[in-house]
Amino acid sequence: MATLLRSKLSNVATSVSNKSQAKMSGMFARMGFQAATDEEAVGFAHCDDLDMEHRQGLQMDILKSEGSEDGAEPPLEGDIHYQRDGTGPLPPSASKEAGVCSELSGQGKPKITAWEAGWNVTNAIQGMFVLGLPYAILHGGYLGLFLIIFAAVVCCYTGKILIACLYEENEDGEIVRVRDSYVDIANACCAPRFPTLGGRIVNVAQIIELVMTCILYVVVSGNLMYNSFPNLPVSQKSWSIIATAVLLPCAFLKNLKAVSKFSLLCTLAHFVINILVIAYCLSRARDWAWDKVKFYIDVKKFPISIGIIVFSYTSQIFLPSLEGNMQNPKEFHCMMNWTHIAACILKGLFALVAYLTWADETKEVITDNLPSTIRAVVNIFLVAKALLSYPLPFFAAVEVLERSLFQDGNRAFFPNCYGGDGRLKSWGLTLRCALVVFTLLMAIYVPHFALLMGLTGSLTGAGLCFLLPSLFHLKLLWRKLLWHHVFFDVAIFVIGGICSVSGFIHSLEGLIEAFRTNAED
């Protein structure tokens, strides 16, 4: 009997693991690693959820297996529904798909190469928000350019030490992977006193960054459309409302299959737009204002530039899942080196060339400086990209909120927003619509791309990229660290903390001032 029970439990665990791995491979492999090609790489939100889904699904399946042994009747075929939290059985068609995916899972599960992993990281740190980097050079001069290089070096290092926190040495002296996500690392650091505190902190930071990213997409859409058609009697706020009306169907999203197909196409289009901007700047190389680039900083606005630069390098949260899906994880360090070197060079050149072209007239979104004939075409493509990119962070934020507040078992703060058949309840849909409207209200009252980007980078970007990785590295591996690693970690924590606090305060002051100005208008 004991042997039979162990066999069943093993089969159940294998089945649930295969389902979880199949979803992961669906994100990175079956979709051609398209779900992570958005510049914010919001696929990381699902990576943390998959681990929770794996554990909950395993527990529920075991309970169902025990119930079957006790003589409980299996559910009728007509009553079988797919449960959103992964705790229910699959319908026949879905079971067939899961069976096919399971064959691809396990030992034969598709893995991504170092080049494919590098493609994901490159798109995460060289996305749409590089359009704000020339504005950072405007307020920082050569120091802003140095900060682009410095941020690349630090983010590359913290990405590596974050992955190091996933591994520990076993009794045989072998290095084995014992954790799967950023949340697991955070929880391990807070155990045993507060075993879930670290994960909750990471989740809150993740939600803030995702929601702020959605707000930035609405802001940039309204800004680009307003500057593309200045002769139309439509204000920037009105364009933002129109953009939100187009985005409202995002509240009905059940999965990202429909939107993820456009991710790679949007990213390629964005690279083409960057090339067009640089080509135009090079055509005006004779008029470049080298004398405008100085070794000075705008004390009031440069801290905001720090947040802008840091935000453009955020990728740490999805790195654990990316490294776990590589064919050869030993190539991770090399991949991080060449992706961040390439990002550093391209970002530095783009920011410097664009600033030299327009100097003191550089705007928050650099495409607004283009001639009207070119600007309209380029901005329309950028608006399309922003609107197609919005569902990714929105859906990821919804997933985290629903799991944290409504689906976390006995620890949930509110009743489950899904019915017994797995369908979203009406009040749950209302909350989703409210989240879309909230992003609109923020975009209307604070329509400042640079301020919002700087605030997000200073608050969550610096925390997730600088502070937490260095702190976790010291906490988990301090006994095995060499003195120079300890020095680097402490220095990064201190410098990152100073930059984060400074940038947050100045960005918040600008945000409050802008909010008051718009409220008066």
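Taking amide hydrogens as placed 1.01 Å from N in the peptide plane, the amide H of Y167 sits under 5 Å from those of V178, each at least 5 positions away in sequence or on another chain. Along the stretch 204-216 the Karplus relation, 6.51 cos²θ - 1.76 cosθ + 1.60 evaluated at θ = phi - 60°, assigns HN-Hα couplings of 5, 4, 5, 5, 4, 5, 5, 5, 5, 5, 4, 4, 4 Hz to successive residues, with x for each Gly and Pro. Relative to the Cα centre, the charge distribution of the stretch 121-518, modelled as +1 at Lys and Arg Cβ and -1 at Asp and Glu Cβ, gives a dipole magnitude of about 580 debye. Extending 7 Å from the Cα toward the beta-carbon at both F252 and A376 defines two label points whose distance is 3.3 nm.
In order along the stretch 284-300, the Karplus-derived 3J(HN,Hα) couplings, from 6.51 cos²θ - 1.76 cosθ + 1.60 at θ = phi - 60°, round to 10, 4, 5, 9, 4, 9, 5, 6, 7, 8, 10, 8, 9, 9, 8, 4, 7 Hz, and Gly and Pro are given as x.
Over 24 Å between Cα atoms: which of K160/K385; K160/K475; K160/K300; K385/K425; K347/K385 fall into that group? Going by Cα-Cα distance, K160/K385; K160/K300; K385/K425 fall outside the 24 Å limit.
Across V383, V494, the residue with the most accessible area heads the list, and the full order at a 1.4 Å probe is V494, V383. Phi angles of the stretch 351-365 translate, via the Karplus equation with coefficients 6.51, -1.76, 1.60 and θ = phi - 60°, into HN-Hα couplings of 5, 5, 4, 5, 5, 4, 6, 10, 6, 5, 8, 4, 9, 4, 10 Hz per residue; Gly and Pro are given as x. Surface analysis of the stretch 133-178 yields an accessible area of 41 Å² per residue, using protein heavy atoms and a 1.4 Å probe. The listed residues R403, R286, R375 rank as R286, R375, R403 when sorted by accessible area, largest first, using a 1.4 Å probe.
For the stretch 121-518, give the percent of accessible area contributed by carbon and sulfur heavy atoms, probe 1.4 Å, rounded to a whole number. Ligands and nucleic acids excluded, carbon and sulfur reach 69 percent.
The slack in the chain from L282 to I345, taken as 0.36 nm per residue of separation less the alpha-carbon distance, amounts to 21.0 nm.
Probing with 1.4 Å while keeping every protein chain in the model, the per residue accessible area of the stretch 305-353 equals 30 Å².
First check a/c for the stretch 121-518, with a ≥ b ≥ c the square roots of the eigenvalues of its C-alpha gyration tensor; if it is under 1.5, answer rounded, and if not, answer prolate when a/b is larger than b/c or oblate otherwise. Oblate. One Cα centroid belongs to the stretch 169-236, the other to the stretch 446-488; the line between them spans 13 Å. Taking all protein chains as they are arranged and a probe of 1.4 Å, the heavy atoms of D287 leave approximately 100 Å² accessible to solvent. What FRET efficiency comes out for T196 versus F487 if R0 is 30 angstrom and r is the Cβ-Cβ distance? Round to the nearest 0.05. The computed FRET efficiency comes out at 0.45. Quick check on the stretch 282-321: take the gyration tensor over C-alpha atoms, sort the square-rooted eigenvalues as a ≥ b ≥ c, and tell me if it's rounded (a/c under 1.5), prolate or oblate. Oblate, because a/c is 1.5 or more while a/b does not exceed b/c.
The values are calculated or read from the model by the stated rules, or taken from the named source; none is laboratory data. None of these values were measured; they are calculated from a predicted model. Positions of Cβ are generated from backbone atoms using ideal geometry, with glycine treated the same way; all protein chains shown enter the neighbour counts. These area figures cover heavy atoms from the full protein model, side chains too; ligands, DNA and RNA do not enter into them. Shrake-Rupley method; radii C 1.70, N 1.55, O 1.52, S 1.80 Å.
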